[in-house]
Amino acid sequence: MRMTMIGCGHLGATHAASMAEIGHDVLGVDVDAAKIETLRSGRAWFHEPDLDEMLARHIASGRLRFTTDFAEAGEFGDVHFIGVATPGTDTGEYDLTQLFSAVSMLAGHLHRPCVIVGKSTVHAGTTSAVQELVRDLAPAGDAVEVVWNPEFLREGHAVQDTLRPDRIVIGVTSAEAERIIREAYAPITDAGVPLVVTDPVTCELVKGSANAFLAMKISFINAMGDLCEAAGGDVRLLADAIGLDPRIGRAFLDAGLGYGGGCLPKDGRAFAARARDLGADGAVALLSVVDDINAARRTRVVDLTTKAVGGDVAGTRIGVWGAAFKVGTDDIRDSPALDVATRLHAAGAALTIYDPMAIDTARAAHPELGYAQDPIAAARDADVLLVMTGWPEFRAINPQELGEVVARRVAIDTRAVLHDDWWAGADWTIHRLGRG
Ligand SMILES: NC(=O)c1ccc[n+]([C@@H]2O[C@H](COP(=O)([O-])OP(=O)(O)OC[C@H]3O[C@@H](n4cnc5c(N)ncnc54)[C@H](O)[C@@H]3O)[C@@H](O)[C@H]2O)c1
Ligand SMILES: O=c1ccn([C@@H]2O[C@H](COP(=O)(O)OP(=O)(O)O[C@H]3O[C@H](CO)[C@@H](O)[C@H](O)[C@H]3O)[C@@H](O)[C@H]2O)c(=O)[nH]1
């Protein structure tokens with residue numbers, strides 16, 4: 001099939017390359033000419049394992065091209081995927097500016113029957129709003145059907161999650177649109193991946209509730225972590241034990257600094273905002289507690305750090321291991337590590353940060369913070385060492401390597417990453433979140 005992917009970011013570039021991988025002819029479209037140039041050269045403009053190889057392979061095979069030209073996009077495909085960003089506003093709702101702008105730019109070029117497939121994460125009711133806009137703007141009018149098909153990929157695993165997802169969920173209003181989407185995904189569903197067909201509103205809610213559930217699991221285990229710390233328990237062992245019950249499951253029960261990234265925090269708030277509009281009070285209450293517990297993780301690490309240096313961080317030096325919002329990415333959107341770091345900086349501390357992948361993205365967003373090229377240099381002269389992203393390379397560091405580098409041997413491990421046996425016997429004061 002011939003298809004376009006409008007918006008070539010973390011979701012879109014991966015989806016475009018993956019659709020080429022399963023045999024389609026794909027045209028990627030973005031308003032950012034620099035990103036399109038990078039993609040044309042066979043590289044993503046962000047780090048994602050295996051993506052560059054797949055992009056290069058299909059640009060070479062001729063099945064994948066990129067453009068900034070929406071007229072070309074309108075001509076090219078019978079299926080138009082939309083994957084532009086839907087950030088949160090200050091009041092928590094989705095800002096759908098990019099979505100309505102992308103749809104408006106495309107719609108004027110739609111002269112024949114086709115399907116627009118929304119993949120961005122949106123609030124309930126968006127599909128029908130987009131359908132109305134398309135009806136007004138597209139020369140083909142009602143012959144253009146808008147359906148939703150949310151994306152569940154995780155950064156760092158985006159390629160495998162797109163090619164072998166747990167499920168594909170579509171929200172459609174006609175049998176013809178369903179037939180077209182089924183055909184588009186046939187190489188994936190033929191391999192046994194379930195495809196769930198719903199109405200558009202249910203489909204939009206599926207995505208919001210999936211992320212809300214994941215966020216809830218993390219806040220749950222963090223609340224248990226506080227209990228463990230107070231009572232003298234160990235939240236990792238607790239998670240292992242409860243996780244053996246298949247009704248609970250061990251995934252997403254890693255306690256620590258809480259969730260960040262471009263999705264869970266803003267999606268939870270937007271889901272709550274929509275629930276408030278709809279008068280679904282139980283959902284509002286649940287989601288706001290989940291968010292509050294998560295926000296408190298970051299404040300707690302700021303407070304622990306302040307306490308560790310005697311009550312005032314002004315004039316102290318703090319070494320930070322980790323800047324990415326999680327392992328396996330250079331993405332720093334709503335990174336808990338950088339949130340804590342910037343708050344300590346604002347309170348007068350001098351921060352030096354090391355991250356194996358995200359130094360450049362962190363420096364671009366926070367030039368006011370200090371950076372180092374390796375973890376030992378980040379710890380130099382530190383009064384406190386904060387471990388805030390769980391990179392395996394941090395686990396491999398023996399405290400002996402830090403020798404006399406640090407000013408004081410105090411560490412706060414917020415991601416359960418430091419090697420217990422090495423650090424326990426190494427004359428360090430270590431605070432481990434979730435362990436009493
Ligand atoms: N990143 C993820 O892991 C992930 C996973 C699932 C769902 N999502 C959802 O997917 C959507 C996209 O997220 P992302 O992380 O890929 O965002 P992103 O910021 O990485 O990418 C968005 C892209 O859209 C482009 N763009 C902006 N306006 C445009 C327009 N009018 N026309 C064409 N392109 C335009 C931007 O230049 C950018 O390249 C969001 O709704 C997000 O919540 C993201
Ligand atoms: O047990 C855990 C698991 C994760 N996290 C944190 O939670 C955040 C989110 O992690 P993850 O979900 O792996 O990252 P994303 O790539 O943002 O993916 C989420 O958000 C995407 C965008 O909606 C969805 O598609 C994915 O299914 C959903 O997992 C990160 O800060 C993690 O460090 C924890 O603190 N504890």
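What size of dipole, in debye to the nearest 20, comes out for the chain about its Cα centre when the only charges are +1 on Lys and Arg C-beta atoms and -1 on Asp and Glu C-beta atoms?
That gives the chain a dipole magnitude of about 460 debye.
Mean-square fluctuation check for the chain, GNM, Cα pairs under 10 Å: which of Glu404, Glu178, Glu229 is largest?
Of the options given, Glu404 has the highest mean-square fluctuation.
Helix-derived [θ] at 222 nm for the chain: sum -39500 (n - 2.57) over DSSP H runs of at least 4, divide by residue count, nearest 500?
Only helices count here, giving -14000 deg cm²/dmol.
With the contact rule set at Cα under 8 Å and sequence spacing of 6 or more, what percent relative contact order holds for the chain?
About 12 percent, as a whole number.
Could you compute the FRET efficiency for Val196 and Ala251, with r as their C-beta to C-beta distance and R0 at 22 Å, rounded to 0.05?
0.65
Antiparallel as a % of all DSSP beta bridges within the chain, to the nearest 5?
5
How far is helix 51-61 tilted off the main Cα axis of the chain, in degrees rounded to 10, range 0 to 90?
30
How big is the charge dipole of the range 207-297 about its Cα centre, in debye rounded to the nearest 20, if each Lys and Arg gets +1 on its Cβ and each Asp and Glu gets -1 on its Cβ?
Approximately 340 debye in magnitude.
Where the only charges are on Cβ atoms (+1 Lys, Arg; -1 Asp, Glu), what is the dipole of the range 189-255 about its Cα centre, to the nearest 20 debye?
Computed charge dipole of the range 189-255: roughly 60 debye.
By how many nm would the segment from Ala175 to Ala295 lengthen if fully extended, with 0.36 nm per residue of separation less the alpha-carbon distance?
My answer for the length gained is 38.8 nm.
For a test of the definition: using alpha carbon positions, the gyration tensor, and the 1.5 limit on a/c, classify the range 2-198 as rounded, prolate or oblate.
Judged from the Cα gyration tensor, the range 2-198 comes out rounded (a/c under 1.5).
Multiply the residue gap between Ser104 and Arg40 by 0.36 nm, knock off their C-alpha separation, and tell me the result in nm, one decimal place.
Value of the extension gain: 20.6 nm.
Okay, which of the range 321-350 sit inside 20 Å, backbone N to the point 7 Å along the Cα-Cβ direction of Ala426?
So the set is 321-323.
For the Cα atoms of the chain, what angle does the longest principal axis make with the long axis of helix 175-189, in degrees from 0 to 90, nearest 10?
Once rounded, the angle reads 50 degrees.
In degrees, nearest 10, range 0 to 90: what is the angle between the Cα axis of helix 200-231 and the longest Cα principal axis of the chain?
Taking Cα atoms only, the helix is inclined about 10 degrees.
Please work out the C-alpha center-to-center distance from the range 200-268 to the range 334-407 and express it in whole Å.
A separation of 26 Å, based on Cα centres.
With a Förster radius of 25 Å, plug the Cβ-Cβ distance of Arg276 and Asp95 into 1/(1 + (r/R0)^6) and report the FRET value to the nearest 0.05.
It comes out at approximately 0.90.
No lab work stands behind these numbers, since they all come straight from the coordinates. On a predicted model such as this, the values are computed, not experimentally measured, just so you know. Here the Cβ is made from the backbone with ideal geometry for all residues, glycine too, and neighbour counts use every protein chain on show.
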